[in-house]
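The values are calculated or read from the model by the stated rules, or taken from the named source; none is laboratory data. The structure displayed is predicted, hence computed values, not measured ones. Positions of Cβ are generated from backbone atoms using ideal geometry, with glycine treated the same way; all protein chains shown enter the neighbour counts.
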Amino acid sequence: MAEIAITCLGSGSALGEGRMWSSLLLDEQTLLSLPPTTIPQLYRLGKDPTAIDRIFISHRHADHFFGLPFFLLLYLYRYTRDTPLFIIGPAGMEEATARLCDIAWSDPDIMEKLAQRARLSFVEIEEEGEHRAGGIAFEAVQMDHFGMDAYGYRITHKGRKIAFTGDTKACLQLDRLIDGADIVITEFTHAVPTDDPGHMDVDAVKLLTARVRQQGGIVLATHLSEAPAPIEGLLLCRDGETYLV
Ligand SMILES: [Zn+2]
Ligand SMILES: [Zn+2]
């Protein structure tokens, strides 16, 4: 079985204390969430930003999406690329990215300028189902996150199924997302039980972990706010660590 390297560029929630915002890098090429702290973390860990071919954005909350103006700035000034950079997210991604970059850098022509230096390919998820981004197949599953257009992704990589929850509360769709997955990367916002209608708490993560372990999978947790007590079988991501799974 081929190993997959998962590098934690950040493991924090939007209100996380002392952690970079959640962002994970799979085998140097695939990014799961893009907050602003991703970019300095890539350089700090000696990663090559141009090796990243696809960026999965689960939903357009700032801690998952607001790194894009910084990431794309690299292509405006430092690098060029001929191969596509896939930006995957809910419907409206391209327009939202253009608006955000315009606000960020006060330049309404920024996307045209970028297009001359890098091939950006937006994959907009209109509804649940199978999709492709270049050579990779994935499935998008609608999550339950404050009623937003928020997706979890099931990505097939090296013959294994990786399920990434993005932000969600426990829900039936989450059960579908993790069903049969080999590797589950779950959000774990609350270290104590809560009634937060948009996020996972300790009880929900315990149940998810037990279920995934039962089906022979492994579970990593990110998007943490505090330091949770250990849960058997659950790997709590730490900023800057690489996990070979
Ligand atoms: Zn969110
Ligand atoms: Zn979040």
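One line per residue, one yes/no per condition, for (1) small (G, A, S); (2) within 25 Å of L244 (Cα to Cα):
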position: I6; (1), (2): no, yes
position: E28; (1), (2): no, yes
position: P35; (1), (2): no, yes
position: Q41; (1), (2): no, yes
position: I52; (1), (2): no, yes
position: F70; (1), (2): no, no
position: P84; (1), (2): no, no
position: G92; (1), (2): yes, no
position: T97; (1), (2): no, no
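All of D63, D102 fail the test of being away from ligand 2 (no atom under 16 Å from the Cβ) and either over 20 Å from R19 (Cα atoms) or modelled with pLDDT of 95 or more (or both), apart from D102.
Quick one: is L42 closer than 23 Å to A104 by Cα and out of contact with any Gly (no Cβ under 7 Å at 6 or more places or on another chain)? It is true that L42 is closer than 23 Å to A104 by Cα and out of contact with any Gly (no Cβ under 7 Å at 6 or more places or on another chain). For the residues G198, G152, G166, the requirement of being in contact with a Ser or Thr (Cβ under 8 Å, 6 or more places away or on another chain), assigned to a strand (DSSP E or B), within 14 Å of ligand 1 (Cβ to nearest atom) and not β-branched (V, I, T) singles out G152.
Keeping to segment 190-224, report how many residues are buried (at least 19 other Cβ atoms within 10 Å of the Cβ), in contact with a Gly (Cβ under 9 Å, 6 or more places away or on another chain) and either of a type outside the set (G, A, S) or over 21 Å from R154 (Cβ atoms) (or both). Outline the logic, then answer.
First, the residues of segment 190-224 that are buried (at least 19 other Cβ atoms within 10 Å of the Cβ): 190, 199-201, 204-205, 208-209, 212, 217, 219-224.
Those still in the list that are in contact with a Gly (Cβ under 9 Å, 6 or more places away or on another chain) too: 209, 212, 217, 219, 222-224.
This time we only want the ones that are either of a type outside the set (G, A, S) or over 21 Å from R154 (Cβ atoms) (or both), so: 209, 212, 219, 222-224.
So the answer is 6.
Looking only at residues of segment 32-52 that are of a type in the set (G, A, S) and not in a helix (DSSP H, G or I), we find that the one that is farthest from L120 (Cα to Cα) is G46.
Filtering segment 173-195 to residues that are in contact (Cβ under 8 Å) with a residue 40 or more places away in the chain, β-branched (V, I, T) and within 16 Å of ligand 1 (Cβ to nearest atom) leaves I185, T189. In a residue-by-residue description of segment 97-108, the property of being surrounded by 14 or more Cβ atoms within 10 Å (Cβ to Cβ), within 18 Å of the chain's Cα centre (by Cα) and part of a loop (DSSP other than H, G, I, E, B) applies to no position.
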